[in-house]
Amino acid sequence: MDFNMKKLASDAGIFFTRAVQFTEEKFGQAEKTELDAHFENLLARADSTKNWTEKILRQTEVLLQPNPSARVEEFLYEKLDRKVPSRVTNGELLAQYMAEAASELGPTTPYGKTLTKVAEAEKRLGAAERDFIHTASINFLTPLRNFLEGDWKTISKERRLLQNRRLDLDACKARLKKAKAAEAKATTVPDFQETRPRNYILSASASASEQELRVAQTEFDRQAEVTRLLLEGISSTHVNHLRCLHEFVESQTTYYAQCYRHMLDLQKQLGSSQGAIFPGTFVGTTEPASPPLSSTSPTTTAATMPVEPSVTGLAPPGETALCLEEVAPPASGTRKARVLYDYEAADSSELALLADELITVYSLPGMDPDWLIGERGNKKGRVPVTYLELLS
């Protein structure tokens, strides 16, 4: 108990001395030992690394899990050292609803069949999202979190210890300075009755202060070297985070490529259902047409769309088909259309399209309702209706 009380009193005395030194420095009443410029740059770089790592970590968590309640739940499970329960993704939940809707509304109806197909695609998207979140959490979030909870805590601890060593050093400097001043004053104004004992005490006090200063300087230098080595290790942290960033980009690229493939497959399955839903937009047809589903996509249309020349269907039996350039647009019935997707012409009878461009379109009697004649300047060719948005 005696020993503990002495240690407590000693710690309280050291804390008080540091507090006094710190306060006097803030008010400009005490000198402060400055660190060299290189050390200050290391400190600034370490602080910047910590701050931006925190921001990147938080925003990546928002990207992977937009729901704040779910993020809080996952955080609590991690702090309690318990396994985070499996949670369905939004895509998987949407797929479940669509599948249930198709089952109740009629799985054999056109709407029910389409719901089923979209549900399967959404389920695959949800699974891809789950894999991406898992991969990004392991390869990117975990290293950033380990730095903040491991290396940075060690750096912060050593920096606080260095700050205490500096306060102790500056306090020793201040005591030595006062002892030297008192000793110098005693030599200039001697008191013949008390000169010897007083000078002896002052000299002993100055010697003790010098000894304390040497010890404090040694401890400060040692702690400064330890802290410097840790701060220089930030360069290795940057290299590690750079590698993790590359892995994050790779996993994100894989995820979006999977999403693109799944949606491309879905678009192939749905085909020209857009034309079936809005049959009235077919120019030149006398009655609504319901074309069967076919594979149509911006990148595979050339291989999947029918390639029979439309002009062949325009010629009466027994006559030679007209050249496309010889076909004149009707006097009425031409319309403007906006291109929805890029389209690569399969042969010379078709017109290549670029997304968002405007072209003139029209239909001729006996023409396949899935196709129109499109004109852009002096160029003319067949274009698929499903790639167009007809304007008034």
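The values are calculated or read from the model by the stated rules, or taken from the named source; none is laboratory data. These numbers were taken from a predicted model, which means no experiment stands behind them. Cβ placement follows ideal geometry from the backbone for every residue including glycine, while neighbour counts extend to all protein chains displayed. The area values use the complete protein model at the heavy-atom level, side chains included, leaving out ligands, DNA and RNA. Shrake-Rupley method; radii C 1.70, N 1.55, O 1.52, S 1.80 Å.
Here are the numbers for the structure shown:
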quantity	calculated
Residue within segment 9-19 that is modelled with pLDDT of 90 or more, out of contact with any helix residue (DSSP H, G or I) (no Cβ under 9 Å at 6 or more places or on another chain) and surrounded by fewer than 11 Cβ atoms within 10 Å (Cβ to Cβ) present	no
Residue list for segment 337-349, filter: in contact with a helix residue (DSSP H, G or I) (Cβ under 8 Å, 6 or more places away or on another chain), under 9 Å from Leu388 (Cα atoms) and open to solvent by 10 Å² or more (accessible area, probe 1.4 Å)	Leu340, Tyr341
Residues of segment 350-392 classified as surrounded by 18 or more Cβ atoms within 10 Å (Cβ to Cβ), polar (S, T, N, Q) and more than 43 Å from the chain's Cα centre (by Cα), total	1
Selected residue (only one of Arg198, Arg214, Arg243, Arg222 is open to solvent by 50 Å² or more (accessible area, probe 1.4 Å) and at pLDDT 95 or above)	Arg243
Residue within segment 94-111 that is modelled with pLDDT under 90 and within 21 Å of Arg261 (Cα to Cα) present	no
Search result, residues across segment 77-87 that are modelled with pLDDT of 75 or more and open to solvent by 80 Å² or more (accessible area, probe 1.4 Å)	none
Positions within segment 105-132 being in contact (Cβ under 8 Å) with a residue 60 or more places away in the chain, within 18 Å of Leu64 (Cα to Cα) and buried (at least 18 other Cβ atoms within 10 Å of the Cβ), in sequence order	Arg124, Leu125, Ala128, Glu129, Phe132
Selection count, segment 246-271, where residues are outside any helix (DSSP H, G or I) and open to solvent by 80 Å² or more (accessible area, probe 1.4 Å)	0
Hits in segment 88-104 - residues which are without any contact (Cβ under 8 Å) to a residue 40 or more places away in the chain, crowded, with 16+ Cβ neighbours inside 10 Å and within 25 Å of Phe75 (Cβ to Cβ)	Gly91, Glu92
Single residue of segment 52-72 satisfying the filter (polar (S, T, N, Q) and open to solvent by less than 70 Å² (accessible area, probe 1.4 Å)) that is farthest from Gly91 (Cα to Cα)	Thr53
Hits in segment 42-51 - residues which are hydroxyl-bearing (Ser, Thr, Tyr) and surrounded by 14 or more Cβ atoms within 10 Å (Cβ to Cβ)	Thr49
